[in-house]
Amino acid sequence: MSDPLFSVRGLASGYGDVQILWDIDIDVPEGEITCIVGSNGAGKTTLLNTIAGLVPATAGQILFQGTDITRAKPHEVLGAGIALVPEGRRLFKGLSVRDNLLLGAYLRREPAKVIEQEIDFICSIFPILKERHNQDATTLSGGEQQMCAIGRGIMSRPKLLMIDELSLGLAPRAVDRLCDALTEINKLGISVLLVEQDVMTAFDLAEHAFVVETGRIRISGRTDDLSDNADIRQAYFGF
Ligand code: ATP
């Protein structure tokens, strides 16, 4: 395994008095796609939101390129190079595809020309976004909305892109298209931390996996090794 770009050690968090995550350890190797899988309510979204600074950590450490970002605010996490594509896309109604994309670059201070090049780059990965530039982003199809949400995430030029539920509610063809794009994005040097309920989709994409159950990591390893092991498959994945 290459050096971890990002690590979580002994992380705990929750909402008010209710603890959701317990003693979470995760490593994300630089340049790879890593996935977190688990059933409904396991705590996957809470984990990504804790990393993003949206839910406060109550114990443990979050390290990004060796820097402690455990108490960083959401804009500081983004500024450090970690972008979140949230569950349900969360595109802004009443704003065009282009304006939704531009919002992803709000921390960037480069000239407009550089930001335009970034939009062109995203449209080269997702050509449909160019065709739909002026359309209200919330009127796109589900798959197109996910493209726009991923594009918005890339607009900040992150080193780590976190995606919460890539495939949720999408048709198989749309999922295939998104998986191809994610592989392309990863090859350009953006590491990915993917949360997925669909284990098959996650394992096709990722080199390493962490399985979350009731707020704890139950098992982790290379996706090839996990899916080759019949006992693990049966106990955790049901295939
Ligand atoms: P899903 O795949 O269904 O989205 P998940 O693995 O992402 O599930 P979370 O959304 O992190 O799981 O939820 C974990 C637990 O935290 C659940 O019991 C949920 O009810 C609770 N929870 C999530 N958000 C909040 C919140 N804002 N306030 C209180 N409890 C919450």
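Brief remarks follow.
- On Cα atoms only, tilt of 142-154 relative to the major axis of the chain in degrees: 90
- Rounded to 5, the percent of DSSP beta bridges in the chain classed as antiparallel: 55
- Highest-fluctuation residue, Gln145, Gln197, Gln135 considered, GNM on the chain with Cα pairs under 10 Å: Gln135
- Alpha carbon centroid spacing (whole Å) that separates the stretch 108-160 from the stretch 1-70: 26
- Förster-model FRET efficiency, 30 Å R0, Ile219 and Val114, C-beta, rounded to 0.05: 0.10
- Among the protein heavy atoms, those of Lys113 account for about 150 Å² of accessible surface (1.4 Å probe, every chain in place).
- Per residue of the chain, the DSSP helices (runs of n ≥ 4 H) give a summed -39500 (n - 2.57) that works out to -10000 deg cm²/dmol at 222 nm.
- Simple point charges give the picture: +1 on the Cβ of Lys and Arg, -1 on the Cβ of Asp and Glu, and for the stretch 64-152 a dipole about the Cα centre of about 180 debye.
- Links that overshoot a 23 Å alpha carbon limit, given the list Lys93/Lys113; Lys159/Lys187; Lys73/Lys159: Lys93/Lys113
- To the nearest ten degrees, helix 172-187 and the longest principal axis of the Cα atoms of the chain are 90 degrees apart.
- Crossing angle, helix 112-125 versus the chain [Cα axis fit, 0-90 degrees, rounded to tens]: 60
- Ordered from largest to smallest accessible area (heavy atoms of protein chains, 1.4 Å probe), the residues His75, His133, His208 come out as His75, His133, His208.
- Of the solvent-accessible surface of the stretch 88-157, computed with a 1.4 Å probe and all protein chains present, 53% belongs to carbon and sulfur.
- Taken per residue, the accessible surface of the chain reaches 46 Å², heavy atoms only and a 1.4 Å probe.
- Once all protein chains are placed together, Thr67 keeps about 80 Å² accessible to a 1.4 angstrom probe.
- For Phe239, solvent-accessible area (1.4 Å; no DNA, RNA or ligand), Å²: 80
- Ordered by 1.4 Å accessible area with all protein chains kept, Ser39, Ser167 run largest first as Ser39, Ser167.
The values are calculated or read from the model by the stated rules, or taken from the named source; none is laboratory data. Note that the coordinates shown come from a computational prediction; the quantities given were computed from them, not determined experimentally. All Cβ positions, glycine included, derive from the backbone under ideal geometry; neighbour counts span all protein chains shown. The area values use the complete protein model at the heavy-atom level, side chains included, leaving out ligands, DNA and RNA. Shrake-Rupley method; radii C 1.70, N 1.55, O 1.52, S 1.80 Å.
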